[in-house]
Amino acid sequence: MAHLRLLLSHSARRHTRPCSLLSLLRFSSDSGSGTGPTPPPPPVKPVSYAPKPQSTAEEAPAAAEDAAPSDGPVSQPPPPRRSQEPPQRQWTREELRFVKDAVPAVTPVSYPARVAPLPEDWPAEEVPQEGPAEEGLRGEAERIEMEATRGRRSFFGMQVEEEQVPYPTLIPVEKRPQKVAIDLVDAIREIKTSADEKKRNFTETVEAHVMLGVDPRRGDQMVRGALTLPHGTGKTVRVAVFAEGPAADEARAAGADVVGGDELIEEIRTGGGKLSFDKCIATPMFMPRLSKVARILGPRGLMPNPKLGSVTNDVSGAVKAAKSGRVDFKIDKTAIVHVGLGKVNFSDESLRENIGAFVHALLLAKPVGLKKTSKYVGYVKKFTLSSTMGPGFPVTIPSLSAAADHYNKVQAS
């Protein structure tokens with residue numbers, strides 16, 4: 001071993017090529033034994049074996065039967081060993097490029113479209129004959145068609161007539177044609193003509209319905225007022241006066257129907273809603289006492305109001321005005337004023353003067369904040385006259401203005 005170490009160090013110093021491991025072993029064995037060189041080993045002869053025959057799947061069961069004894073149990077052959085396929089190697093980009101160029105291009109193949117011929121194009125000898133199934137279907141179709149045309153259905157073997165219901169259709173709504181506004185005199189004549197054609201058991205009242213251009217929800221645009229018609233309303237008005245002492249005597253002298261004080265208030269409160277008067281007039285001292293019956297008089301429009309002239313110390317003048325045809329008007333929630341201005345048996349001139357007086361009072365009640373170019377534009381939108389149970393006739397604004405001017409001239413003179 002000392003010689004081996006010396007040799008390795010010597011070869012490393014001189015940078016010589018190291019010898020093989022076999023020669024070094026031989027040299028060490030020769031130098032260590034001291035008996036001389038060792039003979040070379042005998043040559044190795046290659047040995048080859050015959051390949052093992054591989055039996056197929058059909059021959060394996062037969063061979064197993066031949067090898068097994070006849071009297072012993074037959075053992076099943078082992079399942080064939082699956083050959084392990086080597087994993088496929090991934091192609092590089094260069095290889096894919098060459099392979100792509102090497103593979104020949106495949107041209108697409110198109111086939112002609114096949115269309116089945118129609119029954120009318122079939123030859124006479126190729127027309128398929130209907131079988132029993134087709135004949136049964138055709139008979140069933142004819143039967144259904146016949147039942148549909150007859151409008152009958154069979155329930156439990158009984159023929160029942162079927163009701164033909166029309167298909168629902170949308171019926172357009174026909175709008176009524178808008179009536180054209182006419183002159184005031186013509187409207188009065190039309191109202192009288194319609195009232196004469198349909199005779200009633202009572203005398204109808206000529207009513208005015210005015211649509212105003214104001215907002216009733218605003219307090220500064222409230223429209224209300226009162227007026228005395230020149231020719232009255234044509235109705236008998238029952239007047240009640242809440243007064244005591246000399247005021248009560250004046251009311252009776254003026255023609256009041258009911259006069260009283262606390263006893264009249266108690267009678268209204270316990271009367272169950274039954275009233276025997278159409279107008280109420282009260283002195284200022286009775287207004288706090290009327291709070292007990294305000295829920296009864298208020299909804300009927302009978303509560304005395306200083307703005308309407310029904311709360312006053314001049315009891316006799318208020319009673320005479322109410323008897324002669326005093327009318328109170330007030331706008332409703334839809335900005336429309338409804339008021340009666342006479343009977344249909346009045347003359348045309350009397351009705352015209354009453355309508356002129358109402359138009360004049362309506363202009364006086366116009367809100368201050370409603371500023372327009374004129375006194376009618378933007379304030380009076382539509383003025384319609386009608387009888388109690390008759391049609392309405394719109395009236396032109398110029399004819400109403402002329403009637404109001406005529407009333408002012410009569411009052412001035």
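Can you find a residue that is more than 28 Å from E349 (Cα to Cα), touching a Pro at 6+ places or on another chain (Cβ under 7 Å) and part of a helix (DSSP H, G or I) anywhere in the stretch 220-227?
Yes: one or more hits.
Looking at the stretch 227-240, can you tell me whether even one residue there is touching a residue at least 12 places away in the same chain (Cβ under 8 Å), over 19 Å from V368 (Cβ atoms) and of a type in the set (S, T, N, Q)?
yes
Looking at the stretch 279-293, which of its residues are farther than 20 Å from S316 by Cβ and part of a loop (DSSP other than H, G, I, E, B)?
Of the residues in the stretch 279-293, the ones farther than 20 Å from S316 by Cβ are 288-293.
Within the stretch 279-293, P288 is the sole residue that qualifies.
Yes or no, residue by residue, for (1) in the same structural domain as E353 (by TED's automatic domain parsing); (2) touching a strand residue (DSSP E or B) at 6+ places or on another chain (Cβ under 8 Å):
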{"position": "L212", "(1), (2)": "yes, yes"}
{"position": "R218", "(1), (2)": "yes, no"}
{"position": "Q221", "(1), (2)": "yes, no"}
{"position": "R224", "(1), (2)": "yes, yes"}
{"position": "L229", "(1), (2)": "yes, yes"}
{"position": "V239", "(1), (2)": "no, yes"}
{"position": "A248", "(1), (2)": "no, yes"}
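Looking at (1) in contact (Cβ under 8 Å) with a residue 40 or more places away in the chain; (2) not assigned by TED's automatic domain parsing to the domain that holds R289; (3) not in a helix (DSSP H, G or I), can you tell me which one Q164 breaks?
(1)
Conditions tested, residue by residue: (1) at pLDDT 85 or above; (2) closer than 25 Å to G325 by Cβ.
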| site | (1), (2) |
| --- | --- |
| K235 | no, yes |
| V241 | yes, yes |
| G245 | yes, no |
| E250 | yes, yes |
| G260 | yes, yes |
| G272 | no, no |
| P288 | yes, no |
| V293 | yes, no |
| P299 | no, yes |
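What about L264, is it outside any helix (DSSP H, G or I) and within 58 Å of the chain's Cα centre (by Cα)?
no
Answer yes or no: is there a residue in the stretch 148-171 that is more than 30 Å from K382 (Cβ to Cβ), at pLDDT 75 or above and among the basic types (K, R).
No, that holds for no residue.
If we only count strands (runs of 3 or more DSSP E) wholly inside the stretch 294-413, which ones have 3 or more residues that are within 30 Å of P177 (Cα to Cα) and in the same structural domain as K199 (by TED's automatic domain parsing)? Even if it seems obvious, please write down each step before you answer.
On the way: elements: 326-330, 336-343, 380-386, 392-394.
Because the criterion is at least 3 residues that are within 30 Å of P177 (Cα to Cα) and in the same structural domain as K199 (by TED's automatic domain parsing), the strands (runs of 3 or more DSSP E) in the stretch 294-413 that meet it are 336-343, 380-386, 392-394.
I want to confirm something. Restricting to the stretch 175-204 and keeping residues that are touching a Gly at 6+ places or on another chain (Cβ under 8 Å) and in a helix (DSSP H, G or I), which single residue is farthest from P391 (Cα to Cα)?
My answer is A195.
Just one of (1) closer than 30 Å to K382 by Cβ; (2) free of Cβ contacts under 8 Å to residues at least 24 places away in the same chain trips up G325, so point out which.
(2)
For the stretch 339-364, give me each residue that is over 50 Å from the mean Cα position of the chain (by Cα) and among the aromatic types (F, W, Y).
F346 - this is the single residue of the stretch 339-364 that is over 50 Å from the mean Cα position of the chain (by Cα) and among the aromatic types (F, W, Y).
Output the residue which, of all residues in the stretch 195-216 that are modelled with pLDDT under 85 and charged (D, E, K, R), is surrounded by the fewest Cβ atoms within 10 Å (Cβ to Cβ).
K199
The values are calculated or read from the model by the stated rules, or taken from the named source; none is laboratory data. This one's a predicted model, so the numbers in the text were calculated from it and none came from an experiment. Ideal geometry is used to build each Cβ from the backbone, glycine not excepted, and the neighbour counts take in all protein chains shown.
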